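The values are calculated or read from the model by the stated rules, or taken from the named source; none is laboratory data. As the structure is a computational prediction, the values presented were derived from the model and not from experiment. Counting neighbours? That spans all protein chains shown, and the Cβs are built from the backbone with ideal geometry, glycine included.
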Amino acid sequence: MARRNKILVPEARDSLDQLKAKIAGTSDPQAAKFEAAEEAGVPLKNGYNGQLTSEQAGKVGGRLGGGMVREMVRMAQENMKKK
């Protein structure tokens, strides 16, 4: 199944990758999902991960995506307070 998630503003890719790394607690955006998987106890490896259950994949994606959304909401609230 092809991924349909697209960034509406392609120029934002670097900033989103930095945010993902910040949420995962690492400095390397590429290592963020592996860090989140390790914290969740999910055996994620580089390359094909078809052996993972939906629950395991959700633990990794949910941890990163949920944390990113929370951080973006916090940043927007701070920005609104300044105005």
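Laid out as a table, the results:
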{"read-out": "Subset of the stretch 16-42 [modelled with pLDDT of 90 or more and surrounded by fewer than 11 Cβ atoms within 10 Å (Cβ to Cβ)]", "value": "Gly41"}
{"read-out": "Among the candidates Gly50, Gly62, residue that is small (Gly, Ala, Ser) and either within 20 Å of Thr26 (Cα to Cα) or in contact with a strand residue (DSSP E or B) (Cβ under 8 Å, 6 or more places away or on another chain) (or both)", "value": "Gly62"}
{"read-out": "Cross-chain or 6+ apart pairs with Cβ under 6 Å, the stretch 28-41 first and over 13 Å from Gly61 (Cβ atoms), then assigned to a helix (DSSP H, G or I) and not charged (D, E, K, R)", "value": "Pro29/Ala21; Glu35/Ala24"}
